[in-house]
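Report on the structure given below.
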Amino acid sequence: MLEGVNRIGMHEWEVPVGYVAGMRVPGRFFLSESLGKTLEPGAIQQLANVATLPGILKNSLAMPDIHWGYGFPIGGVAAFSVDDGIISPGGVGFDINCGVRLLATPLLYKDVAGRRDLIDELFRTVPTGVGAKGALKVSPRVLESMMITGARWAVRAGYGNERDLMRCEEEGFMKAADIQAVSAKAKQRGIPQGGTLGSGNHFLEIQIVREIFNPSAAKAFGLALGQVCCMIHCGSRGLGHQVCTDHLKILESATKKYHITIPDRQLACAPITSPEGISYFGAMAAAANYAWANRQMISHTTRQVLSKMFSIEYEDMPLIYDVAHNVAKMEEHIMDGKRMNVCVHRKGATRAFGPGSKDIPPELNSFGQPVIIPGSMGTSSFVLHGTQLAMDRTFGSTCHGAGRIMSRTQAKKDLSGREIMANLLKEGIIVRAHSENAIVDEAPEVYKPSDEVVNVVHEVGISRLVARLAPIGVIKG
Amino acid sequence: MRMSFEEISHTADVKIRVRAPTLEALFSETLKALMQVMYGPNLNGDSLRKIQIESDDYEALLADFLSEVLFISEVESLVFSEASVRIDGYSLNAELTGEPFSLIRHSGGTEVKGISYSGLAIKCEAKGYMLDIIFDV
């Protein structure tokens, strides 16, 4: 592990105050010895930088998918006191409410094995890639509804059912959304992109439940061995990117106005209760809601395709759960035995609330919140459940994915899109994408092994394994 | 010094190193890098688009310029190949040339979500200017 970092547990490491000047609290991250081999000094520097921000509580945290980002590291979690803490777009990222959802189906592996026509049809109907536009004509009024009530708007507009909302974090929308704080430019970008997947690491996958670790939780969540599921990974598209760009600019001035010293310009921030902080939070919530509406619309298209191709009922494809992994939330947490309102930033980290939380659907309350961790293309994804230990240690947070270990430049040098596709096909995985580059960028080799990442959070106990799903078909941007 | 840009290793995002003899050339070369990352190498065309930006310093001027190009490129479905840039203080005027987005010719890249300030510093060297910039993808 890196110099200056102390081991404090089997998979737990501390970055002491003083690692960078001005740290208010220590940094803490969860990582196995073997995953530590690919840890970049830049990521730890960023973890330490976050610890310098005003009002930070307990620790600047990072999950085992930690890697070098901008502002916060990817995998970073930090909670700030609502009274004297800050809010920063650098702790959320450009893709506000990038997240994952998992749909169940009544189908089994034998029904979909080798069905290239299914993957082709999904690739044809779900808009993907750079420059893609949605099939739905969104009026400015509809866009406002998407930003105010997110997935609820989508369900009311006919893109799903009421039960879906119970299975979304925040029930599909953040009530703090303020559409006045969203610029005309952001709105302009949002109009043509409703129901589009995007590019980069976003995907839609047909997966099979291959392993059950916790039968009672799996049953309650709605998962059974051999079952076909569909995983959707995307975010708030150009609208969210523009909200981040616009508010970074505003918050950069605010950082100076409120005399906040920051070690990295991408950590521009403002007090949570300042007009600038409130405005960013309202705009971020509106973008988050757009993302929930977006995932709901893509779910609808997917259900229609599956329903038509396999003669199954729309209602027989329930949503297991939907999580946000790039977001800031106002939450109540217990600090030194007292309830306290805090602003939790999760940048490439997933909420993992434990059993008994009022924010979990009643039928899942005794198990903890479902946590969905996507694997990289061709590797397993996992469903876990949140734990009390996460509430105690990480403000109810866990990892969000596999975490990159190879740069795109290296991937282009070492790998070929055709070979990757051929290798995946040998394993029974069909891939569709607009370009070979998109496949090389997201090859299984460029990510940490997803099972190693989830094993760390499972062993630490900040979430626990429920099921493993393996892909048989992927569509990418 | 010749104008050039190269992608340098960055795990999560795209990091570009740009060198140019003048500040103006540095900006236009960074724009080309951004377009290549997003749309691949097949860039040309003669559509004209003008941009005017004012900021507080050169780094912000560059980030704002590129963010504006991202916005225009997305909402107007335009792909730019060249920029003629004039900088006066912290004010920029640019004339961009490009062409409409084509699914066939421009699908070789990846979407850039934003221009990061992390580590962004424009350096004046003996023979010109250089910078490293991270595009969030």
Worksheet item: Within 10 Å of each Cβ of A:66-79, how many other protein chain Cβ atoms are there on average?
Response: 3
Worksheet item: Can you give the Rg to Rh ratio for the stretch A:6-476, taking only C-alpha atoms and Rh from Kirkwood?
Response: 0.94
Worksheet, complete the sentence: Partner shielding of B:112-124, as the mean number of partner chain Cβ atoms within 10 Å, equals 6
Item to complete: Quick one: net charge around A:Asp111, please, counting Lys, Arg +1 and Asp, Glu -1 for every other residue with C-beta under 13 Å from its C-beta.
Response: 0
Worksheet item: Quick one: Debye curve from the C-alpha atoms of the stretch A:184-224, no solvent, what's log10 I(q)/I(0) at q = 0.20, 0.26, 0.32 Å⁻¹?
Response: -0.74, -0.92, -1.05
Worksheet item: What dipole magnitude, in Debye to the nearest 20, does the protein assembly as shown give about its Cα centre under +1 on Lys/Arg Cβ and -1 on Asp/Glu Cβ?
Response: 680 debye
Practice prompt. Please give the peptides B:24-37, B:52-65 ranked by average Cβ packing (other Cβ atoms within 10 Å per residue), highest first, as a rough proxy for protection.
Written response: B:24-37, B:52-65
Practice prompt. Largest first and in whole Å, give the semi-axes of the stretch A:383-472's equivalent ellipsoid, each being the square root of 5 times a Cα gyration tensor eigenvalue.
Written response: 31, 15, 10
Worksheet item: Residue-wise, which Karplus ³J(HN,Hα) couplings in Hz belong to the stretch A:124-130, taking 6.51 cos²θ - 1.76 cosθ + 1.60, θ = phi - 60°, and x for glycine or proline?
Response: 6, 9, 9, x, 10, x, 4
Worksheet entry | Amide N proximity, the stretch B:36-59 versus B:Ser84 label position 7 Å along Cα-to-Cβ, cut-off under 16 Å | B:45-52
Worksheet entry | the stretch A:6-476: relative contact order in percent, alpha carbon pairs under 8 Å with at least 6 residues between | 22 percent
Discussion item. Suppose the chain between A:Met1 and A:Arg418 were pulled fully straight at 0.36 nm per residue; how much longer would it get relative to their current alpha carbon spacing?
Written reply: 146.5 nm
Worksheet entry | Coordinate range along principal axes, alpha carbons of the stretch A:280-416, Å, largest first | 52, 46, 31
Item to complete: Using label points projected 7 Å from each Cα along Cα→Cβ, tell me how many nm separate B:Ala121 and A:Thr273, to one decimal.
Response: 3.7 nm
Worksheet, complete the sentence: Expressed in µm² per second, the diffusion coefficient of the stretch A:428-477 from the Stokes-Einstein equation, with Rh the Kirkwood radius over alpha carbon pairs, at 25 °C and 0.890 mPa s, is 189 µm²/s
Worksheet item: In the neighborhood of A:His434, defined by Cβ-to-Cβ distances under 13 Å, what is the net charge if each Lys or Arg adds +1 and each Asp or Glu adds -1?
Response: 0
Fill in: Shielding of B:10-20 by partner chains, average beta-carbon count, 10 Å
5
Worksheet item: Quick one: Karplus J couplings for the stretch A:314-326, per residue in order, coefficients 6.51, -1.76, 1.60, θ = phi - 60°, nearest Hz, x for Gly and Pro?
Response: 3, 5, 8, 10, x, 7, 6, 5, 10, 10, 9, 10, 9
Discussion item. How are the alpha carbon pair distances in chain B distributed across 5 Å bins from zero to the largest one, expressed in percent?
Written reply: 2, 11, 22, 25, 22, 13, 5, 1, 0
Item to complete: Only residues of the stretch A:335-351 count here: report those whose backbone N is under 19 Å from the spot 7 Å along Cα→Cβ of A:Asp83, or say none.
Response: A:335-344
Response to the item:
Two pseudo-spin positions, 7 Å from Cα along C-beta at B:Ser9 and at B:Glu76, lie apart in nanometres by 3.9 nm
Worksheet item: Ratio of the stretch A:65-130's C-alpha Rg to 2.2 N^0.38 Å, to two decimals?
Response: 1.81
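Rule-based calculations on the coordinates, nothing more; no lab input. Quick caveat, the model's predicted, so the values are computed rather than measured. Cβ coordinates were reconstructed from backbone atoms using ideal geometry, including for glycine residues, and neighbour counts include every protein chain displayed.
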